[in-house]
Amino acid sequence: MVSPLKADLAGPRIDKGLDDVYVKETSICFIDGQRGRLLYRGYDIRDLAAHSTFEETVFLLLEGHLPNREELEKAKADLATARTLPPSVLRLLRSMPEHAPPMDVLRTAVSYMSSFDPERDDMTRAANMRKARRLVAQFGTIVATHERIRKGQRIVRPDPKLGHAEDFLRMLTGRRPDADHARIMDVAMILYADHAMNASTFAATVAASTLADLYSTITAALSTLKGPLHGGAIEASLNTIERIGHPKAAEEFVLNTLRNKEKVYGFGHRVYKTYDPRALILKDFARRLAEMSGDDTYYRIATEIEDTVVRQLASKQIFPNVDFYAGLVFHGLGIPTDLFTTVFAIARIAGWTAQVIEYWEDNRLLRPLDWYVGPKDLVYVPLDERS
Ligand SMILES: CC(C)(COP(=O)(O)OP(=O)(O)OC[C@H]1O[C@@H](n2cnc3c(N)ncnc32)[C@H](O)[C@@H]1OP(=O)(O)O)[C@@H](O)C(=O)NCCC(=O)NCCS
């Protein structure tokens, strides 16, 4: 590539979207976008979905290896104990405006929490790992607690005897989920726990590269996750399904959307050029949840959308991404639609923190260039002389 500083008058090649730019070496997450393969620390996501738990996956991402029995018990106990929110955060959640978007509440809470963490500015690896575990533990409690406050319901405190995913659903809905629902939530959180240098992880990494504290990096990540081209797509996907309303209307809806040159949310990916392996697992969960509920209308609409998009756009290598069926799964688990992106975040906090801590092992300020195309040598005109 031509050095931008030595570029000719036509200018440098601008990497809009940064598609082909590598910013670090990593041993956390590997994606093969052509074959639809995803590995965490060398383990296939399908094996983790079949055998692991969210707690074990968090340990794997942060520590780099699967825990032995003793390490796992300790990791689970530490996470469970740290799930309880400090009174200051509860007060903050109670004071949030009634209509504040849940992602904004989560972002504000994380930002606020930093002021109460005596280790905030301790940049040693050990302190950052402790902060990472506390954040992983508390994200679910923040989201569930705020949901109950805004609905005027009694707050449900964490139960350290329960698994992380199960307890999140219990704190959110006020009921202990059955084993199937708890396991589906657990696996969904495994699937969302990391995804290499995606936009929010990159935002966290940019903040990290300035040696800002861990809370600041996570605030940057949350701001970036919110948009509909990233984590916001889960909500947008379910809204599409709800708007379509009937399986017979799905094909026409998709064709119209494409005719209008609009995106169908939950499809396409910067890295996957085939089926996202997480989408295949979530599709199966969506089918099972539809069977359990006895109403498969939304599931049938979703499969009609999928068939039509894939038929129309396979030549552009557009397939369902993780967010398409996640919306149906979260809906089937009784999670309100405007919480979907926060649910993504309560899992991805594991990957964000692991990635940032890894970046700090070989830190360099991230500082790309932009190519100036505006005027030069303009003469400053005093205010009175401007027309
Ligand atoms: C994820 C996404 C932003 C990746 O974008 P990208 O790598 O920049 O790819 P582009 O947006 O340039 O798309 C390439 C082509 O495929 C089309 N395309 C991509 N995703 C599409 C979608 N979801 N629906 C319809 N067309 C789509 C684009 O219109 C473009 O067509 P063109 O070449 O004729 O202009 C994009 O696929 C998208 O917007 N998807 C919907 C949002 C979503 O689900 N986000 C969650 C991602 S996990």
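Tally time: how many residues in the stretch 132-151 are open to solvent by less than 10 Å² (accessible area, probe 1.4 Å), within 26 Å of ALA208 (Cβ to Cβ) and not β-branched (Val, Ile, Thr)?
The total comes to 5.
Residues of the stretch 308-337 being closer than 21 Å to LEU229 by Cα and among the charged types (D, E, K, R), which ones?
Of everything in the stretch 308-337, those that are closer than 21 Å to LEU229 by Cα and among the charged types (D, E, K, R) turn out to be LYS316, ASP323.
Determine whether MET123 is open to solvent by 60 Å² or more (accessible area, probe 1.4 Å) and in contact with an Asp or Glu (Cβ under 9 Å, 6 or more places away or on another chain). Even if it seems obvious, please write down each step before you answer.
Working: open to solvent by 60 Å² or more (accessible area, probe 1.4 Å): yes; in contact with an Asp or Glu (Cβ under 9 Å, 6 or more places away or on another chain): yes.
So MET123 passes the test.
Conditions (1) within 16 Å of the ligand (Cβ to nearest atom); (2) assigned by TED's automatic domain parsing to the domain that holds TYR43; (3) under 17 Å from the mean Cα position of the chain (by Cα); (4) more than 25 Å from HIS99 (Cβ to Cβ), marked per residue:
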{"position": "ARG130", "(1), (2), (3), (4)": "no, yes, no, yes"}
{"position": "THR141", "(1), (2), (3), (4)": "no, yes, yes, no"}
{"position": "ARG150", "(1), (2), (3), (4)": "no, yes, no, no"}
{"position": "PHE168", "(1), (2), (3), (4)": "no, yes, yes, no"}
{"position": "ALA179", "(1), (2), (3), (4)": "no, yes, no, yes"}
{"position": "ARG183", "(1), (2), (3), (4)": "no, yes, no, yes"}
{"position": "VAL187", "(1), (2), (3), (4)": "no, yes, yes, yes"}
{"position": "LEU191", "(1), (2), (3), (4)": "yes, yes, yes, yes"}
{"position": "HIS195", "(1), (2), (3), (4)": "yes, yes, yes, yes"}
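Give the residue, chosen from THR145, THR210, that is over 23 Å from ILE234 (Cβ atoms) and among the β-branched types (Val, Ile, Thr).
On the way: THR145 fails: over 23 Å from ILE234 (Cβ atoms).
The match here is THR210.
Quick check on the stretch 228-238. Is at least one of its residues within 10 Å of the ligand (Cβ to nearest atom), among the β-branched types (Val, Ile, Thr), crowded, with 24+ Cβ neighbours inside 10 Å and farther than 17 Å from ALA196 by Cβ? Reasoning before the result, please.
Residues of the stretch 228-238 within 10 Å of the ligand (Cβ to nearest atom): 228-234, 236-237.
This time we only want the ones that are among the β-branched types (Val, Ile, Thr), so: 234.
Then drop every residue that is not crowded, with 24+ Cβ neighbours inside 10 Å, which leaves 234.
Then drop every residue that is not farther than 17 Å from ALA196 by Cβ, which leaves 234.
Yes, that holds for at least one residue.
Which residues, taken from the stretch 86-101, are exposed (fewer than 12 other Cβ atoms within 10 Å of the Cβ) and basic (Lys, Arg)?
ARG91
Hey, among the residues in the stretch 239-267 that are near the ligand (Cβ under 9 Å from one of its atoms), in contact with a helix residue (DSSP H, G or I) (Cβ under 7 Å, 6 or more places away or on another chain) and not β-branched (Val, Ile, Thr), which one's most open to solvent (accessible area, probe 1.4 Å)?
The qualifying residue most open to solvent (accessible area, probe 1.4 Å) is TYR265.
For the stretch 199-214, which positions are part of a loop (DSSP other than H, G, I, E, B) and in contact with a Lys or Arg (Cβ under 8 Å, 6 or more places away or on another chain)? Break it down into steps so the answer makes sense when it comes.
Start the filter on the stretch 199-214 by keeping residues that are part of a loop (DSSP other than H, G, I, E, B), which leaves 210-213.
Result: ASP213, single match.
In the stretch 20-37, which residues are more than 21 Å from ILE357 (Cα to Cα) and touching a residue at least 40 places away in the same chain (Cβ under 8 Å)?
In the first step, residues of the stretch 20-37 are kept if they are more than 21 Å from ILE357 (Cα to Cα); the result is 20, 32-37.
GLY33, GLN34, ARG35, GLY36, ARG37, listed by residue number.
Please list, ordered by residue number, the helices (runs of 4 or more DSSP H) wholly in the stretch 44-119 having 3 or more residues that are of a type in the set (Ser, Thr, Tyr).
On the way: elements: 45-51, 54-63, 69-82, 87-95, 102-113.
Passing ranges, in order: 102-113.
Pick from the stretch 216-227 the residues that are open to solvent by 10 Å² or more (accessible area, probe 1.4 Å) and more than 16 Å from the ligand (Cβ to nearest atom): which of them is nearest to the chain's Cα centre (by Cα)? Can you show your working first?
So the first thing to find is which residues in the stretch 216-227 are open to solvent by 10 Å² or more (accessible area, probe 1.4 Å), and the list is 216, 219-220, 223-224, 226-227.
Then drop every residue that is not more than 16 Å from the ligand (Cβ to nearest atom), which leaves 216, 219-220, 223.
On the way: SER216: 17, THR219: 13, ALA220: 12, SER223: 11 Å.
Result: SER223.
Of the residues in the stretch 321-356, how many are surrounded by fewer than 20 Cβ atoms within 10 Å (Cβ to Cβ), under 18 Å from the mean Cα position of the chain (by Cα) and more than 16 Å from the ligand (Cβ to nearest atom)? So that I can check it myself, show each step before the final result.
Taking the stretch 321-356 first, the residues surrounded by fewer than 20 Cβ atoms within 10 Å (Cβ to Cβ) are 334, 336-338.
From the residues that got through so far, the ones that are under 18 Å from the mean Cα position of the chain (by Cα) too are 336-338.
Now narrow it down to the ones that are more than 16 Å from the ligand (Cβ to nearest atom): 336, 338.
Summing the residues that are surrounded by fewer than 20 Cβ atoms within 10 Å (Cβ to Cβ), under 18 Å from the mean Cα position of the chain (by Cα) and more than 16 Å from the ligand (Cβ to nearest atom) in the stretch 321-356 gives 2.
Does the stretch 185-194 contain any residue that is farther than 30 Å from VAL23 by Cα and open to solvent by 40 Å² or more (accessible area, probe 1.4 Å)? Break it down into steps so the answer makes sense when it comes.
So the first thing to find is which residues in the stretch 185-194 are farther than 30 Å from VAL23 by Cα, and the list is 185-186.
Next, from what is left, pick out any that are open to solvent by 40 Å² or more (accessible area, probe 1.4 Å): none.
No, because not a single residue in the stretch 185-194 is farther than 30 Å from VAL23 by Cα and open to solvent by 40 Å² or more (accessible area, probe 1.4 Å).
For residues that are under 25 Å from the mean Cα position of the chain (by Cα) and either within 16 Å of the ligand (Cβ to nearest atom) or closer than 25 Å to ARG148 by Cα (or both), tally how many sit in the stretch 287-312. Can you show your working first?
At the first step, the residues of the stretch 287-312 found to be under 25 Å from the mean Cα position of the chain (by Cα) are 287-290, 298-299, 301-303, 305-306, 309-310.
Within this subset, residues satisfying the condition of being either within 16 Å of the ligand (Cβ to nearest atom) or closer than 25 Å to ARG148 by Cα (or both) are 289, 302, 305-306, 309-310.
Number satisfying all stated conditions: 6.
The values are calculated or read from the model by the stated rules, or taken from the named source; none is laboratory data. These numbers come from a predicted model, not from an experiment. Quick reminder, even Gly has a Cβ in these numbers, built from the backbone with ideal geometry, and neighbours come from all protein chains shown. All accessible areas refer to the heavy atoms of the entire protein, side chains included, with ligands and DNA or RNA removed. Shrake-Rupley method; radii C 1.70, N 1.55, O 1.52, S 1.80 Å.
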